[in-house]
Structures are given as structure tokens and as C-alpha cells.
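Just so it is clear, none of the values below were taken in a lab; they were calculated from the coordinates. Note that the coordinates shown come from a computational prediction; the quantities given were computed from them, not determined experimentally. Heads up, the Cβs are rebuilt from the backbone with ideal geometry, glycines too, and the neighbour counts pull from every protein chain shown.
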Amino acid sequence: LRLYQIHSATLESGVLDDRDVIGELARLAEAGLAVGLSVSGPRQAVTVRRALEVKVDGRSPFASVQATWNLLEPSAGPALAEAAEDGWGVIVKEALANGRLVPREGWSLPEALASVARRHGGTADAVAIAAARVQPWRSVVLSGAVTRGQITSNIAAENLEPSSDDLAELGALAEPPERYWATRAALAWT
């Protein structure tokens, strides 16, 4: 075990204000275990910033954060940049917006994403992952692939370099966080 993360930390859970929990996490960090947290929901940025404030004896027990960031829900980006500036590793999850950024039956691919993919001769998933990969604050981008074809397609993101014009076009896909998370909650999970 090299990384221990609090799963889905929120302000409402109270975990970041629980002195006993934070004290134990600091003890684990002092013993050499990387301690992190994952965040979720429309207030991810607020939670990350609160976690950045947590200190034990003047030091943060946290070394990493895992957060949702994708073309539809980029709102945590500035807070993730602050975490990276503080030396934290930043793990991007849900780069494909739980399947909303890949072509599939019954779901329309956003035209801007399809357009950028065509220009690069790539796939929508590769473009979406590449957009996450080029964020200067990211350490790791998780793909969520479950089939050989998905893995092959996702890996193509490594060779795709979206231009600043591409990123500006893709930036128009962003939704208000509340709408994104409400849509996500309504998705059928398999």
C-alpha cells in the first residue's frame, strides 16, 4: 500500500474537520504512506480548497487528490491547480464523463468534440482524454476502459495534442456543475 485516499470527501461529511481522523492520517503520512482524498459533486473545488487548509503541526497530511475533471465538468480545475502548486499529485477521474463523451447508442456526441476529433483524425474519447492530459496540473488521467478496443482508443490520446483553438472550442462544452452532477446521477449504471 503506497496511497491511502479518503473516498468521496465532502464538506458535509465532516471528515476534514474530524481531529481524530486527521491526526491518524497525519501519523500515516509521517510513517511514509501517501495520503490523499477523492472528491465528487458540484462543490469539488470548495472541498479541495478546504483540504489544502488542513494542517497538523504546520504540515498537510495530504499528498494527493483525485477529482472529476472533463470537458463537461471542468469547474474543479483552478482548485486542482492550487493543489498541484502545493506539491500534491492530481489524479483526474471521469475524463470521459461516465460515457457522455464517447459515441454510443441513444446519446449524441457533442458537435465540438466530434469536430476536433475529425480534425485530428482521432476518436472522441482520445480527444477528451488528451484535453485532460494537457492540463498543466494533472499527474495522472484515469481512463475507465473495460474492453481491449476502449484501451486501444484511449491510449491514442498520448499522441494527440489539442491546440489552444481546439481547447477553446472544447471549453464551450462545459455545463454548470449542478446540471452536470444531476445528469450524472440520472445515468443508468451497469
When the Karplus curve 6.51 cos²θ - 1.76 cosθ + 1.60 is applied with θ = phi - 60°, which whole-Hz ³J(HN,Hα) does each residue of segment 161-168 get, with x for Gly and Pro? 10, x, 7, 4, 5, 4, 5, 5
If you average the alpha carbon positions of segment 142-189 and of segment 15-72, how far apart do those two centres end up, in angstrom? 25 Å
Size of charge dipole - segment 71-135 - debye, nearest 20, with Cβ of Lys, Arg +1 and Asp, Glu -1, no other charges: 340 debye
Just the Cα atoms of segment 70-154, one point each, no solvent: what log10 I(q)/I(0) does Debye give at q = 0.11, 0.19, 0.20 Å⁻¹? -0.31, -0.84, -0.91
5 Å is the cut-off here: which amide hydrogens, built 1.01 Å from N in the peptide plane, fall below it relative to Tyr4, excluding neighbours closer than 5 in sequence? Ala34, Val35, Gly36
Given the -39500 (n - 2.57) contribution per DSSP H run of 4+ residues, what per-residue ellipticity at 222 nm results for the chain, rounded to the nearest 500 deg cm²/dmol? -11500 deg cm²/dmol
Rank Ala97, Ala156, Ala63 by mean-square fluctuation in a GNM of the chain with C-alpha springs under 10 angstrom and give only the top-ranked residue. Ala156
Helix 177-186 versus the longest principal axis of the chain: what is the Cα-based angle in degrees, 0 to 90, to the nearest 10? 80 degrees
Just to be sure I understand: with springs between alpha-carbon atoms less than 10 Å apart, which residue in Asn98, Asn154, Asn70 has the highest mean-square fluctuation in the Gaussian network model of the chain? Asn98
Could you work out how far helix 44-53 tilts from the main Cα principal axis of the chain, as a 0 to 90 degree angle to the nearest 10? 30 degrees
Largest fluctuation, Glu105, Glu161, Glu82 only, Gaussian network model of the chain with Cα springs under 10 angstrom, belongs to Glu105
Can you give me the angle between helix 124-133 and the longest principal axis of the chain, using Cα atoms only, in degrees from 0 to 90, rounded to the nearest 10? 30 degrees
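Ser13 to Ala114: extension gain in nm, 0.36 nm per residue of separation minus the Cα-Cα distance?
32.5 nm
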